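Here the structure comes first, spelled out in structure tokens, and everything after it is commentary.
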């Protein structure tokens, strides 16, 4: 085995700020997933087909569709 030097991370921001950034981007990722699901429906997929493609439960798919139908993008 070769001796490897462990690199240290530069702490450009405080951990609390990093945690907030992670949380914000996680929320964005959740919206992106919902929008992708809706796009499948726009493209003619059924809810059953879209939930299989997204690997989510049928109840989640129907909830996302209800959120979209009631409030559009802002509903998500």
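Distance from the Cα centroid of segment 52-73 to that of segment 5-37 is 24 Å (rounded to whole angstrom). Taking all Cα pairs closer than 8 Å and separated by 6 or more residues, the relative contact order of segment 22-75 comes to 26 percent.
The helix-only estimate of mean residue ellipticity at 222 nm for the chain, built from DSSP H runs of length n ≥ 4 each weighted as -39500 (n - 2.57), is -24000 deg cm²/dmol after division by the residue total. Note on the chain: GNM, Cα springs under 10 Å; of 56, 22, 13, the largest mean-square fluctuation is that of 13.
Across the alpha-carbon set of segment 22-75, the Rg to Rh ratio works out to 0.97, Rh being the Kirkwood radius.
Bear in mind that the values in this text are calculations on the coordinates, not laboratory data. Just so we're clear, the structure is a prediction, and the values are computed from it rather than from any experiment.
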